[in-house]
1. Compute the distance from the alpha-carbon center of the range 148-208 to that of the range 55-74, in whole Å.
2. Between helix 188-216 and the chain, what is the angle of the helix's C-alpha long axis to the longest principal axis, kept within 0 to 90° and rounded to the nearest 10?
3. Using a 7 Å offset from the Cα along the Cα-to-Cβ direction at both S35 and M85, what is the distance between the two label points in nm, to one decimal?
4. Please name whichever of A14, Y201, I110 sits farthest to the positive end of the charge dipole of the chain, dipole taken about the Cα centre and charges placed at Cβ: Lys and Arg +1, Asp and Glu -1.
5. Which value in deg cm²/dmol, rounded to the nearest 500, describes the helix-derived mean residue ellipticity at 222 nm for the chain, given -39,500 (n - 2.57) per DSSP H run of n ≥ 4 and division by the residue count?
6. Full-extension gain between R67 and S123, please, as 0.36 nm times their residue separation minus the C-alpha to C-alpha distance.
7. Roughly how many debye, to the nearest 20, is the charge dipole of the range 52-136 about its Cα centre, given +1 on each Lys and Arg Cβ, -1 on each Asp and Glu Cβ, and no other charges?
8. Scanning the chain for trypsin sites (Lys or Arg not before Pro) in DSSP loops with at most 13 other Cβ atoms within 10 Å, what's the longest stretch left with none?
Amino acid sequence: MESLERTQTKDYIADILRTEIFKRNIKDGEKLKQSEVAAAMGVSRMPVREALQMLEMEGVLERLGNRHMKVNGVSFESAKAQFRMIKALEKEICLILSEKQVDAQPFRKIADAYKGKMVAKDSEGCRKLELDFHQLLSEATGIPTIKRAHEQLLSGFFTFVIGNYDFDFEANYKHIEKISQHLAENDLSKLMDGFEDYFQYYVEILKKELEGMNNEHP
């Protein structure tokens with residue numbers, strides 16, 4: 001039970017630090033020290049060390065020679081690059097799904113469920129379903145290495161954006177619905193265009209949000 005509790009604590013600490021970094025409350029280039037983080041959060045050093053290691057693996061932190069960690073903050077350019085990588089991988093995943101003639105019905109079900117949550121004004125439900133939609137793409141390939149690589153890209157900042165940024169949920173629904181429709185039709189040309197439109201939509205959101213943060217955190 002002790003190891004389970006420590007794991008939960010480690011994840012909790014990582015979530016808090018990740019969120020504070022993405023919100024820029026912890027600034028780009030700031031140094032984090034295990035002992036200081038542990039004291040500030042009222043926890044022992046062990047779960048803090050494990051949480052910092054998690055964030056280092058995600059690229060959110062960078063290890064320094066003095067055992068401190070440096071924050072790698074998020075800029076518009078770095079965020080755009082991350083989303084471009086996800087777009088490229090998901091387009092390749094769709095080529096695999098097309099070759100395998102994977103059943104698109106689960107994607108249509110998510111789109112339909114999203115519409116229901118949107119009508120009910122359940123924003124948290126919409127956000128969860130959008131993440132489910134992305135995760136289903138690599139899961140549907142049946143290839144564990146692709147699923148793992150995709151999950152790694154989706155974790156961290158992408159998940160933070162989906163879970164926290166302001167959206168026009170109707171616009172999000174239309175993008176998801178179109179992509180699921182093109183998957184069902186196995187229309188690769190429209191499918192590629194659908195991903196281009198979807199991610200360009202997000203680039204505009206990133207620009208608005210991150211430039212706004214620049215004004216708040218000069």
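1. So the separation of the two Cα centres works out to 28 Å.
2. 30 degrees
3. 3.4 nm
4. It is A14, whose Cα lies furthest towards the positive end.
5. Details: 10 runs with 165 residues, N = 218.
It comes out at -25000 deg cm²/dmol, rounded to the nearest 500.
6. Working: separation 56, 0.36 × 56 = 20.16 nm, distance 4.07 nm.
Taking R67 through S123 to full extension adds about 16.1 nm, to one decimal.
7. Numbers: 15 positive and 13 negative charges, 37 e Å.
Dipole magnitude for the range 52-136 comes out near 180 debye.
8. Working: sites that count: K27, R67, K121.
That gives 122-218 as the longest site-free run.
No lab work stands behind these numbers, since they all come straight from the coordinates. Here the structure is a predicted model, which means the values were calculated and not measured. No Cβ is skipped: glycine too gets one built from the backbone with ideal geometry, and neighbour counts run over all protein chains shown.
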